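Input: a single structure, listed below in structure tokens.
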Amino acid sequence: IFALYAISYCLVQGLIPASWPVRVGAAVVFGLCQVLPLLHVMHDASHTAIGHTESSYKFWGQLTLDWMAGCSMLSWHHQHTIGHHVYTNVYGADPDLPAGGEPRRFVERQKWAAIYQWQWLYMPVLYGLLAFKVRVDDVVFVWLQGMDGPIRVNYYDSPLFRVFAVKGGWIFYRFVLPLLVWGVPFKTWLALFI
């Protein structure tokens with residue numbers, strides 16, 4: 001998956017010459033190769049189920065979520081491992097449950113709104129945009145507010161390092177390199193990025 005991630009990235013950015021349909025296909029493959037390690041490697045790392053040392057699960061979790069996806073293992077740890085697994089399906093405590101004012105409803109305790117009857121149509125689109133929201137939320141909630149939903153964040157390393165190095169590294173290889181160094185036209189970059 002990691003090799004396919006690198007090859008598809010190079011195809012998308014035009015570093016390996018390819019036709020437009022091949023680049024579009026490579027963009028889809030790149031997206032899948034970004035998600036698959038999150039579903040397996042990162043999730044297992046968050047539960048300390050990879051390797052036999054703390055440094056091994058931190059390495060794999062941070063590589064796949066922080067560096068490859070531009071999100072935050074610290075945020076995920078509080079959201080999922082501490083929040084969801086400690087307060088599983090407890091309304092108002094489990095950060096995975098919508099608390100109200102959200103476009104989705106899957107908890108009976110949420111007040112009903114007419115829009116929810118259409119969530120089967122609009123939620124797949126909104127879940128597709130969740131990647132953008134998560135990359136902003138982990139900065140706003142974790143580092144600026146010190147909370148991830150109802151869960152108070154305890155820092156186990158430098159939050160400033162994570163904001164500047166990790167987000168900066170992701171922005172560098174996803175935005176700066178293609179647009180400013182390799183000269184990928186903005187419209188091409190945007191279409192393939194989305």
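The values are calculated or read from the model by the stated rules, or taken from the named source; none is laboratory data. What you see is a predicted model; the values in this text were computed from it and never measured. Because the Cβ atoms are built from the backbone with ideal geometry, glycine has one as well, and the counts that use them run over all protein chains shown. SASA here: full protein model, heavy atoms, side chains in, ligands and nucleic acids out. Shrake-Rupley method; radii C 1.70, N 1.55, O 1.52, S 1.80 Å.
What shape does the chain take by its C-alpha gyration tensor, where a ≥ b ≥ c are the square roots of the eigenvalues and a/c under 1.5 counts as rounded, a/b above b/c as prolate, and the rest as oblate?
oblate
What's the carbon and sulfur percent of the chain's accessible surface, probe 1.4 angstrom, rounded to a whole number? It would help to have the intermediate numbers written out before the result.
On the way: 7890 of 11220 Å².
In the chain, the share of accessible area belonging to carbon and sulfur is 70 percent.
Rounded to the nearest 10 Å², what accessible area does Y122 have for a 1.4 Å probe in the complete protein model?
It works out to around 50 Å².
Do any chymotrypsin sites (Phe, Trp or Tyr not before Pro) in the range 68-106 lie in a DSSP loop with no more than 14 other beta carbon atoms within 10 Å, and if so, which?
Passing sites in the range 68-106 are Y91, F106.
Order E102, E108, most accessible first, counting only protein heavy atoms with a 1.4 angstrom probe.
Numbers: E102 60, E108 165 Å².
Output order, biggest surface exposure first: E108, E102.
Send over the semi-axes of the range 89-194's equivalent ellipsoid, whole angstrom and largest first, taken as the square roots of 5 times the C-alpha gyration tensor eigenvalues.
Square roots of five times the eigenvalues give 32, 23, 7 Å.
Along Cα→Cβ, 7 Å out, is where each label goes; now give me the distance between the ones at T88 and A3 in nm to one decimal.
Using points 7 Å along Cα→Cβ, the separation is 3.8 nm.
Considering only protein heavy atoms, what per residue accessible area in square angstrom results for the chain with a 1.4 angstrom probe?
58
Quick check on the range 1-105: take the gyration tensor over C-alpha atoms, sort the square-rooted eigenvalues as a ≥ b ≥ c, and tell me if it's rounded (a/c under 1.5), prolate or oblate.
Oblate, since a/c reaches 1.5 and b/c is not below a/b.
Percent of Cα-Cα pairs per 10 Å bin, from 0 to the last occupied bin, for the range 45-110, please list those.
Reading upward from the zero bin: 21, 38, 28, 12, 1.
May I ask you to compute the full-extension gain from V136 to F172, defined as 0.36 nm times their residue separation minus their alpha-carbon distance, rounded to one decimal in nm? Let's see the in-between values first.
Numbers: separation 36, 0.36 × 36 = 12.96 nm, distance 1.62 nm.
Full extension of this stretch gives 11.3 nm more.
For the chain, what is the number of Lys pairs with C-alpha distance below 27 angstrom, counting only pairs 8 or more positions apart or on separate chains?
Counting lysine pairs in the chain gives 6.
Given Cα pairs under 8 Å that are at least 6 residues apart, what percent is the relative contact order of the range 45-180? If you can, show how the numbers build up before the last one.
Details: 123 pairs, mean separation 34.2, N = 136.
That works out to 25 percent.
Please say if the range 146-194 is rounded, prolate or oblate, where rounded means a/c under 1.5 for a ≥ b ≥ c the square roots of the C-alpha gyration tensor eigenvalues, and otherwise the choice is prolate for a/b larger than b/c and oblate otherwise?
Oblate, since a/c reaches 1.5 and b/c is not below a/b.
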